[in-house]
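The values are calculated or read from the model by the stated rules, or taken from the named source; none is laboratory data. Bear in mind that the values here come from a model prediction, so they are computed numbers and not experimental data. No Cβ is skipped: glycine too gets one built from the backbone with ideal geometry, and neighbour counts run over all protein chains shown.
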Amino acid sequence: MMLDTLFAPLRKLGHSTINAIWKLGVMSRFLLSILTHSGQSLLRFQLTIREVYFAGVLSLIIIVVSGLFVGMVLGLQGYNTLSRFGSADALGALVALSLLRELGPVLAALLFASRSGSAMTAEIGLMKATEQLEAMSVMAVDPVARVVAPRFWAGVISMPILAALFNVMGIFGGYLVGVVMIGLDEGTFWSQMQNNVDLHFDVVNGLIKSLFFGIAVTLIAVFEGFDATPTAAGVSSATTRTVVTSALVILALDFVLTAFMF
Amino acid sequence: MQNDSFIEFKHVSFGYGDRLILQDISLKIGRGQLVAIMGGSGSGKTTLLRLIAGQIRAQQGQVLVDGRDVGRMNQRELYQHRRRMGMLFQFGALFTDLSVFDNVAFPIREHTSLSTEMVRDLVLMKLHAVGLRGTESLMPAELSGGMARRIALARAIALDPQIMLYDEPFTGLDPISLATIALLIKKLSDALGTSAVMVTHDVHKSLEIVDYVYFIAGGKIAAAGTPDEVRASDSPWVHQFVHGEADGPVHFAYPAQQSLAGSFGLEGA
Amino acid sequence: MKRSIIDLWVGIFVAIGLASVTFLALKVANLTPQSDSNSYTLIAEFDNIGGLKVKAPVKSSGVVVGRVSNIELDTKRYVARATLTLNGQYHFSRDTSAEILTAGLLGEQYVGLVQGGDEENLKPGDRVQLTSSALVLEQLIGKFMTSFAEGNNKAAADAARAETAP
């Protein structure tokens, strides 16, 4: 009995590890089935376009506003630190590099997960709870092909676009603070940026990152929705799981990708 | 019962894990017949429908539809089979993100490549059949429970199925809506000549419209017969069910392991 | 094909994405559309390249004319070999000299090219003959210290001679 209580946390840890690995396997199978059922969502692109509207277009506001503020904060903090070393001129480079390489893709993905990912999970989960998915499959329409795959592709398409927009807005925010507010030289701001930012190394790699994040977040979102327990409580906990798992996966994946790329 | 059976269960057993839900069920449903399957909640009625639709497979026995074993169909054949089938879900299961029109048009658009005008005409025809023409542009959230059920019925018959499955079509409806749905089910059955299986526990309305009744209890067929036979039945079980008595062969109390006194700790140690 | 308002919005969305990427490429990363055929390489060997890095600019009279595309160590003679990729519109004479300079006191290092007087120009793949290495701070200080010490010794010797002279 004593040993039992002592080992209980250990057993719990082992249990959740096995569960996590199990889930990874199921998710990989799910991804495969999405890919093999993607014919319809690409042929009838109207289905995917509709989902791009819900996942991407409706996220524009939050991306624009957050990007602007993140850029402005970067501008302020960067200026404070750089001016101590007498290199306030490098502000443009600092803002652009931190956004392009890390903050843009990561923050846009986190926002996307909590705005669109959670919505996808809730929507698919509710469709499951109200037997809509079952009704579809009884009508000989595969729910993976008709419901899941278009959402998946919409997420994969939207994410890099949102990340690029986040970067632009962030740089604009940095420009507002650095040039308009603090009064740095506009030419220096841009030329420092251009001298230090490499198209392939910084811009393209950042977008590749966000593509990976898009795949991961959308896969998690549609999987959790499809896998949700078909009750109100089940859908709500699936939605929470989407946001939490996405956040962890984005940050872990970011580390791995950064190690590979830079 | 006639030999020309369209749906046939041959010694079918099904269970989740150790828990057997259906045991050795054999029944026949003739072409063009409307058959009700009755039984208490949790007696495995819905499981029966799912077996016919091929959503689950029997562990033992065969489920034959038009002479073919549903349990042995591959994915493609199963989808082929489902196209000839319509199912009305308990609460309609309308697609909440689509309008009434798009809901009814859904199976037509998915499975045929008819022109926009043809789809429109078909949808209006089906909506007319359930008496709800004019609701095309409404969203499912704007419909009452009875209307939603009728729209779902229109969707289920959109492709003129040979088999109709009704899962608790009367649950949660007011008496007028209930009568409307019952009338529609009867009318469609007669007009389209479909074989229909209806799972329900509404005894009186069902007995008015169906051709044959199976009673299921504890995973087995407890009784069967035409509505007249059922009404006249002297089986205590059927009597209890038809007349809705709280206690009888089916006990009011759940068979608890402990006695009542034991549960409250009143028994001597 | 039926068009809906959603299509319009998605179209705007994709256009915003394309515009953003274009902005990042042109305004932020300063992508100057240049094809590979429009550039050529020169080789420059230095005893010591200091802190020179790949992608450092190559400037002539302060104008960026190319980039350092590769740096490697020549293991036969143990000198650093830098490959300079220059814009095809700039040509330099055969006696051009290359030196490693520093922008500002602590800034990045770059390669400076000084045009010579020869009539003939360097051809792609040629080696720049005249090079001077990067200034390494430690060596600089070392040199300064020795010359300072030598100067002191000399002054002391002069003083001693002056004392004994009369």
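Numbers below:
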| read-out | value |
| --- | --- |
| Residues within the stretch C:10-26 that are more than 7 Å from chain A (Cβ to nearest Cβ) and closer than 20 Å to A:M193 by Cα, tallied | 3 |
| Test: residue in the stretch B:101-116 that is over 15 Å from B:A158 (Cα atoms), assigned to a helix (DSSP H, G or I) and in contact (Cβ under 8 Å) with a residue 24 or more places away in the chain | no |
| Which numbered condition A:S16 fails, given (1) modelled with pLDDT under 90; (2) closer than 23 Å to A:W153 by Cβ | (2) |
| Within the stretch B:169-222, considering residues that are part of a loop (DSSP other than H, G, I, E, B) and free of Cβ contacts under 8 Å to residues at least 40 places away in the same chain, the one farthest from B:M87 (Cα to Cα) | B:D174 |
| Residue within the stretch B:32-53 that is away from every other protein chain (no Cβ under 14 Å) and without any contact (Cβ under 8 Å) to a residue 24 or more places away in the chain present | yes |
| Condition broken by A:L165, with the remaining ones in (1) more than 14 Å from chain C (Cβ to nearest Cβ); (2) modelled with pLDDT of 95 or more satisfied | (1) |
| Members of the stretch B:8-56 that are surrounded by fewer than 16 Cβ atoms within 10 Å (Cβ to Cβ), outside any strand (DSSP E or B) and of a type in the set (D, E, K, R) | B:D18, B:R31 |
| Answer residue from the stretch C:27-40, given it is facing chain A (nearest Cβ under 10 Å) and on the phi < 0 side of the Ramachandran plot and is modelled with the lowest pLDDT among those | C:T32 |
| Counted residues, the stretch A:110-139 - those being within 18 Å of the chain's Cα centre (by Cα) and either of a type in the set (V, I, T) or within 21 Å of C:A25 (Cβ to Cβ) (or both) | 1 |
| Qualifying residue in the stretch C:81-98 (condition: among the polar types (S, T, N, Q), assigned to a strand (DSSP E or B), over 16 Å from C:L113 (Cα atoms) and more than 11 Å from the chain's Cα centre (by Cα)) | no |
| Candidates A:V180, A:V168 - the one that is buried (at least 19 other Cβ atoms within 10 Å of the Cβ) and outside any loop (DSSP other than H, G, I, E, B) | A:V168 |
| Counted residues, the stretch A:211-262 - those being over 15 Å from A:G155 (Cβ atoms), under 14 Å from the mean Cα position of the chain (by Cα) and polar (S, T, N, Q) | 0 |
| Unique match (being within 14 Å of chain C (Cβ to nearest Cβ), part of a helix (DSSP H, G or I), out of contact with any Ser or Thr (no Cβ under 9 Å at 6 or more places or on another chain) and more than 24 Å from A:F260 (Cβ to Cβ)) among A:G92, A:G173, A:G86 | A:G173 |
| Evaluation of C:T41 against (1) surrounded by fewer than 16 Cβ atoms within 10 Å (Cβ to Cβ); (2) in contact (Cβ under 8 Å) with a residue 60 or more places away in the chain; (3) not in a strand (DSSP E or B) (one fails), failing number | (3) |
| Condition check for B:F91: in contact with a helix residue (DSSP H, G or I) (Cβ under 9 Å, 6 or more places away or on another chain) and either within 14 Å of chain A (Cβ to nearest Cβ) or on the phi > 0 side of the Ramachandran plot (or both) | yes |
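Each row is one residue, and each column tells you yes or no for (1) outside any strand (DSSP E or B); (2) touching a Gly at 6+ places or on another chain (Cβ under 6 Å); (3) surrounded by 11 or more Cβ atoms within 10 Å (Cβ to Cβ).
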{"site": "C:R67", "(1), (2), (3)": "no, no, yes"}
{"site": "C:A134", "(1), (2), (3)": "yes, yes, yes"}
{"site": "C:N153", "(1), (2), (3)": "yes, no, no"}
{"site": "C:A157", "(1), (2), (3)": "yes, no, no"}
